[in-house]
Structure formats: C-alpha cells, structure tokens
Amino acid sequence: MSSRLVGVGVGPGDPELVTVKGVNALRAADVVVVPVMAASDGKDMGERGRAEATVLHYVPEDKVVRVVFALNERTDRARRETAWDAAGETVAELLRRHGSVAFATIGDPNVYSTFTYLAQTIAELVPGAVVETVPGITAMQDLAARSGAVLTEGTEPLTLVPVTAGAAVLKEALAGPGTVVAYKFGRQAAEVADALRETGRLGDAVWGSALGLPEESVRAAAELDGTPLPYLSTLIAPPRRDGGRGGKL
C-alpha cells in the first residue's frame, strides 16, 4: 500500500477560508493530524489549537489525531528535535497503518509551517511516501482583506519577516522599499512600534490577531502602546504611496 502525506493549509482561523481543495483533501484522507503544543513535560497540553478547531468544521472528531510538537520551543534545540522525532514517528506509523494522512496547518503549509519539518522526517522514515501540499490563505492576505490594506502595487516588492528573528531584522526591512509584513510579533509589540516610528511607517501600518474568530482584533499600528499582544499577531506596513492611481507602475 502506497503512503501519502498531504499538508493542508486551513487558513488563519476563519473556517470559511479553507479552500474547496483543502476540504476535499481533509475528507479524502484516512486520518487528519493536527499539531498541538507540548507542555514542559513534552505531553499534550490539552488545548484545542486553531488548526484543530478549523478542521472540526469539516471532518468528524474521531478522524482527527492530535500530535504533540514543540511549537513553543525556541531555545532548547535538543527538546525541540526530540519532539519533532517523536511526532515524525507517530505520523509515520499512521501512514503505515492507514496509507493516507492529511496534516492540517494554519495558514499555508509552505510558509513558516511545522509541516516542512514533518515532511523532511517522513521522507527518511517512510521511503517512497508521496508528500504533497494544498495551499492555504495566509494571515497577511486575510488581514489585508479585513483592514483594507493593499499589500502590493505595481513594481513594489513584498517582504515577509518573522519577528522571532529579532526586531533588528524587521527594522532593516522597514528601511527598504515596498510593503513589509511581520509575523509573530505580539511579544515584541513595543519594539515593533519603535521600529515603525523610527522608519516613518507607523501612520499607515495595521495589525491584527485571531482573524475570523470571535476575539478578532484589527487595529491601526498607531494604537500600539507597548502592551504585549497575542503571539500570532500579524502586521502590515505599506510604503508611502503619493503617486496617485497607478503611481507604482
């Protein structure tokens, strides 16, 4: 029996933003794996993640398997690697038993997704397994739609920065041309606000969190006051556009 692992992007949280192809892939799989955060002892924290909550709109709960990943581990590489190895072994065994496994990831499976590491592990553990991805709507696309921010015009570049790489990386991007999108900036909101202010980008920037969920927040970046925000907050900082319609062509 051939094994097939499909990474399915389920969007930033709004279940209506899962694509038709994504829904079909979730329903066609024998098992749907959802990543959950690891507690300090490496076990399931018991919290329902955003990917799992989205998936349950389309497949029955008994088809969903929760697999622990060190999603919140940034400093202890050994612990992170151990968690990845254990998760890979679990998914590999599901593939051997069932043949078809979908892995649901928020956003897109090829944009800062745990699926990337899982796919690498499966390639080693299950030789010959077919690995595919189904694209998903990203948080920056959803925030742009909800806030009215235009991501790019004409010849403008688009730069995506994870603020987990440090505020200095973001500041360097903001000093350049085009729109800058920052992911995972919530815990460094004060530093981000300072970088926006120093580069003259504060006035037109917007941020959002929990997009499409009851606790959604979409606000002007000028309202940032240094208070830490949800970890998965997203920022869009467009460039100044003074050339009128089509001015960036």
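Residues in the range 192-221 that are closer than 25 Å to Gly13 by Cβ and among the acidic types (Asp, Glu): Asp204, Glu215, Glu216.
Quickly run through the range 176-215 and pick out the residues that are closer than 24 Å to Ile106 by Cα and exposed (fewer than 14 other Cβ atoms within 10 Å of the Cβ). Hits for the range 176-215 are Pro214, Glu215.
A quick yes/no check of all residues on (1) over 30 Å from Asp204 (Cβ atoms); (2) β-branched (Val, Ile, Thr); (3) open to solvent by less than 20 Å² (accessible area, probe 1.4 Å):
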| residue | (1), (2), (3) |
| --- | --- |
| Thr82 | yes, yes, no |
| Asp85 | yes, no, no |
| Gly99 | yes, no, yes |
| Val134 | yes, yes, yes |
| Ala145 | no, no, no |
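Would you be able to say whether some residue in the range 228-248 is open to solvent by less than 60 Å² (accessible area, probe 1.4 Å), part of a strand (DSSP E or B) and polar (S, T, N, Q)? Yes: the range 228-248 contains one or more residues that are open to solvent by less than 60 Å² (accessible area, probe 1.4 Å), part of a strand (DSSP E or B) and polar (S, T, N, Q). When the strands (runs of 3 or more DSSP E) confined to the range 1-73 are screened for residues that are within 15 Å of Phe103 (Cα to Cα) and modelled with pLDDT under 95, those reaching at least 1 such residues are found at 31-37, 64-69. All conditions but one from (1) surrounded by 15 or more Cβ atoms within 10 Å (Cβ to Cβ); (2) more than 14 Å from Pro239 (Cα to Cα); (3) modelled with pLDDT under 95; (4) of a type in the set (Asp, Glu) apply to Glu156; the one that does not is (2).
The values are calculated or read from the model by the stated rules, or taken from the named source; none is laboratory data. Nothing here was measured: the structure is a model prediction, and the numbers come from that model. Positions of Cβ are generated from backbone atoms using ideal geometry, with glycine treated the same way; all protein chains shown enter the neighbour counts. Heads up: the accessible areas ignore ligands, DNA and RNA and are worked out on the full protein's heavy atoms, side chains in. Shrake-Rupley method; radii C 1.70, N 1.55, O 1.52, S 1.80 Å.
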